[in-house]
Amino acid sequence: QVQLVESGGGLVQAGGSLRLSCAASGSISSANVMGWYRQAPGKQRELVATITRSGGSTNYADSVKGRFTISRDNARTVYLQMNSLKPEDTAVYYCNYMDLRGTYWGQGTQVTVSS
C-alpha cells in the first residue's frame, strides 16, 4: 500500500503562484511515476503533469505548459510549482502514484484562483 498526502492548496488571485507538495509513504517501488491531476466542478479528472522517479522525464498538459513545473527531490516527494495562475486552473488537485502494482491517489487539495 502507498499513502499520499498533499499540501499547499489555497486561494490566490489570477496571475499569482502556488506550490503543491505530495509526500508518499508506505511500500514505495524503486520504479514509479508520480504526478498531479485535477478535477474542476462538473468536469472529468484530467492530467496536469507527471514525472518519473529519476526526474528525467516529465509530461505536461498543454494547458499548463510554460506555467507549471513538476519536480521531485526523492522517491517519495513530488512538487507542482504553479505560476501565472488563471481562474480556469481552479480545481481539486490530486497527487498520483503509479508503479507495476497499481495506482494510488491522495485525498486532494483545493486550488481556487480568483479573477
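When the Cα atoms of region 71-115 are aligned to their principal axes, the ranges along those axes come out at 41, 20, 13 Å in descending order.
For region 1-60, the convex hull drawn through the C-alpha positions has a volume of 123 cubic angstrom per residue. Per the Kirkwood formula applied to alpha carbons, the chain shows a radius of gyration over Rh ratio, Rg over Rh, of 0.96. The largest accessible area among LYS86, LYS65 belongs to the first residue in LYS65, LYS86, and the rest follow in falling order (1.4 Å probe, all chains). Projecting label points 7 angstrom from Cα along Cα→Cβ for GLN81 and ASP62 puts them 2.6 nm apart.
Site pair ALA14 and SER30 shows an inter-label distance of 5.0 nm when each label is modelled 7 Å from Cα along Cα→Cβ.
Taking all protein chains into account, the per residue accessible area for the chain stands at 51 Å² (1.4 Å probe). Apolar share of the accessible surface for the chain: 48 percent from carbon plus sulfur atoms, 1.4 Å probe.
The values are calculated or read from the model by the stated rules, or taken from the named source; none is laboratory data. Computed from a prediction, not measured in an experiment: that's the story for all the values here. In this analysis, Cβ positions are derived from the backbone assuming ideal geometry, glycine residues included, and neighbour counts consider all displayed protein chains. Only protein heavy atoms, including side chains, enter the accessible area calculation; ligands, DNA and RNA are left aside. Shrake-Rupley method; radii C 1.70, N 1.55, O 1.52, S 1.80 Å.
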